[in-house]
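The values are calculated or read from the model by the stated rules, or taken from the named source; none is laboratory data. The structure presented is a predicted model; accordingly, all values stated were derived computationally and were not measured. Cβ atoms come from the backbone with ideal geometry, glycine included; neighbour counts cover every protein chain shown.
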Amino acid sequence: MPRTAALGIGIGLRTRHFGELLERRARVDWFEAISENFMMDGGRPLHVLERVRRDYPVVLHGVSLSIGTTDPLDRTYLAKLRALAARFEPTWVSDHLCWTGVRGHNLHDLLPLPWTEEVLEHVAERVGRVQDALGRRLVLENVSSYLSFSDSTLSEWEFLAALAERADCDILLDVNNVYVSAFNHDFDALRFIDAMPPERVAQIHLAGHSDHGTHLLDTHDAPVASAVWDLYAHALRRLGRVPTLIEWDGDVPPLERLEAEAERAREVFASVHGAEAGAAGKAHAASSPAA
Amino acid sequence: MPRAPRLRELQHELETLLSLGGDPDCEQRLGRAAPSLPIRSDHRLDGAARLAIYAEMIFIRIRDAVTEDFPATRAAIESTTGSDAWEPLLRAYLRVHPTSDPDLRRAGRDLPAYLRAACTGPAAWIGDVAELEWALVRAFEAADAVPLAVADLEALPPEDWPALRLRAVPSLLLLEHAVPADTIHRRLVDGEPLPDPNEAGCRLRVWRQGFTVYQRRIEPIEQAALARVLHGTDFASLCEWLAERVPEGEASQTALRLLQSWLADELLAVEVREA
């Protein structure tokens, strides 16, 4: 485990649940907030995040850092991210190993990189500068991808592990993304997970995807697939008690549905590690009727 | 010499291609470009098809974000130009104003200005509707402020009133339209028939009270007075300014009436003094 707290099982903080979260405690251990959704000057979202932060650990998860772009680092964005982190004191700050635009444009998608030594050097150098600007370690997530580059000289897992070591950053292992990319690029998902350095993996993501026949899409609009649960159990056995988060962004269901999905993650976690994950797990177990 | 020159060149090419999402000739252009790019193909998908997955998702994501903020504008475009006119309009808009902000919610930032230029003649009112909708978005996420309360003023000694600084809350926006933009907006959202386009225009104030965004029609005198508040003024200066514009002897009464309304709607903020 890296130098981060063992948080347990969390869910993403989504607008649909704002009202309910102001009224009751959710049966989860922590929340992940999309950084850009709170980079505003004021208003209800920031108020809700403040209230949530009072009751739960929170991590900030960005989608626009664009660590792999060849554009200069966006200093305005970094300043906003730093201010957000100073205000809400997240347990960690994460983003994606990807690029989102170039020439000052933002395509608002998580685009893959060629896995080459040139790109590794480029990204590692930028991670170092981002970590200096934020004054904290960055956590980077593997993305789902639908294309790969013929001039790659490394596998994605070799690249990610090498980047974490070279840039001294941590890893957010998205198990669903591993599954989706493994299908789309015809590689063995277990090889990816087995190559992750346990001491660098700070967090796991789980989410749903959709099957389009020729490819899988990382849609975050469905329950976690059965095969991804199996892969998650494998990851926990390999990597230890890694804090885990359920993502659901499209057709966001009621909070109870998210809590049920988190509960399933808790059960898998317990089946691997023989103990409840996180404070909500303990509280929930204590209040459950005897079988 | 830029770092990672090969990556830079690749990203420039991809950015151009992936911005084609939604264009009628997207598929053909990706098909022509893909063979020269280092993209792996397999028996399921060739390079062009893989690029197309991204191009389509990128356009849909941005389209959905803009559409969410401009429901009435969309309805206006569809009612005047055709039920399938919204996507082509957004494609044309994005060609002129590609998204640059890290925040996807700002993708529609330039749409009002774009529509002002694109929709002229009898359709010019569509730009007004878009401007109103964007003002509602801006007010929603404007900085918080502690509203000035009646009790704050009651606690003020009479001799301090003239120098009282009037400061607007950051969410306050003033709009002026040649058409009844507020009525048109409401009817478009509700799916009701539009008013007579020759109906008189309107002056609006848009603001956030608590977490709710409001809009209200205002008279020219209130609009001008609020514009002065937005630029920074004190109570005495506002009264003097009003005295030159309202019938003799009504300046104080008008100032008081406006002040009461602004306090009730929480348009004024407590002045934060630097320590």
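Listed here are the residues, each with its yes/no results for (1) over 20 Å from the mean Cα position of the chain (by Cα); (2) modelled with pLDDT of 95 or more; (3) buried (at least 18 other Cβ atoms within 10 Å of the Cβ).
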residue	(1), (2), (3)
A:L22	yes, no, no
A:M39	no, yes, yes
A:G43	yes, no, yes
A:Y56	no, yes, yes
A:V59	no, yes, yes
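Against the list (1) closer than 20 Å to A:V143 by Cβ; (2) of a type in the set (A, V, I, L, M); (3) away from chain B (no Cβ under 14 Å); (4) in contact (Cβ under 8 Å) with a residue 60 or more places away in the chain, the condition A:A6 fails is (1). Take segment B:17-41 and flag every residue that is away from every other protein chain (no Cβ under 12 Å), out of contact with any Phe, Trp or Tyr (no Cβ under 6 Å at 6 or more places or on another chain) and part of a loop (DSSP other than H, G, I, E, B). Within segment B:17-41, B:D23, B:P24, B:D25 meet the criteria. The condition of being loosely packed, with under 15 Cβ neighbours inside 10 Å and within 30 Å of B:A163 (Cβ to Cβ) holds for only one of B:A236, B:A225, that being B:A236. For segment A:193-224, the set of residues classified as of a type in the set (G, A, S) and in contact with a helix residue (DSSP H, G or I) (Cβ under 9 Å, 6 or more places away or on another chain) consists of A:A195, A:A207, A:G208, listed by residue number. With respect to the stated conditions, B:A34 fails to be over 30 Å from B:A124 (Cβ atoms) and modelled with pLDDT under 95. The set of residues from segment B:49-62 being crowded, with 20+ Cβ neighbours inside 10 Å and either basic (K, R) or more than 8 Å from chain A (Cβ to nearest Cβ) (or both) comprises B:R50, B:A52, B:A55, B:F59. Scanning segment A:91-109 for residues that are in a loop (DSSP other than H, G, I, E, B) and either of a type in the set (A, V, I, L, M, F, W, C) or in contact (Cβ under 8 Å) with a residue 40 or more places away in the chain (or both) yields A:T91, A:W92, A:L97, A:C98, A:V102, A:N106, A:L107, A:H108.
Pairing each residue of segment B:138-149 that is more than 14 Å from A:R44 (Cβ to Cβ) with any residue that is part of a loop (DSSP other than H, G, I, E, B), provided the two are 6+ apart or on different chains, yields C-beta distances under 7 Å for B:A145/B:V169; B:A145/B:P170; B:V146/B:V270; B:P147/B:V169; B:P147/B:E266; B:L148/B:V270.
Cβ contacts < 6 Å: first residue within 14 Å of another protein chain (Cβ to nearest Cβ), restricted to segment A:214-235; second residue surrounded by fewer than 16 Cβ atoms within 10 Å (Cβ to Cβ), any location; separation 6+ or different chain. Result? The qualifying pairs are A:T214/B:R44; A:L217/A:S210; A:T219/A:S210; A:T219/A:G250; A:H220/A:D249; A:H220/A:G250; A:D221/A:G250; A:D221/A:D251.
Scanning segment A:34-62 for residues that are more than 8 Å from chain B (Cβ to nearest Cβ) and of a type in the set (A, V, I, L, M, F, W, C) returns A:I34, A:F38, A:V48, A:L49, A:V52, A:V58, A:V59, A:L60. Checked across segment B:17-24, the condition of being surrounded by fewer than 17 Cβ atoms within 10 Å (Cβ to Cβ), modelled with pLDDT under 95 and small (G, A, S) holds for no residue. Note on segment A:68-90: among residues that are assigned to a helix (DSSP H, G or I) and in contact with a Ser or Thr (Cβ under 9 Å, 6 or more places away or on another chain), the one that is farthest from the other protein chains (Cβ to nearest Cβ) is A:A85.
Suppose we keep only residues that are buried (at least 22 other Cβ atoms within 10 Å of the Cβ) and among the small types (G, A, S) within segment A:92-143. Which one would you say is farthest from the other protein chains (Cβ to nearest Cβ)? So, considering only residues that are buried (at least 22 other Cβ atoms within 10 Å of the Cβ) and among the small types (G, A, S), the one farthest from the other protein chains (Cβ to nearest Cβ) is A:S94. Segment B:70-188 holds helices (runs of 4 or more DSSP H) entirely within its bounds, and those carrying 2 or more residues that are among the polar types (S, T, N, Q), surrounded by fewer than 21 Cβ atoms within 10 Å (Cβ to Cβ) and away from chain A (no Cβ under 14 Å) map to B:71-81.
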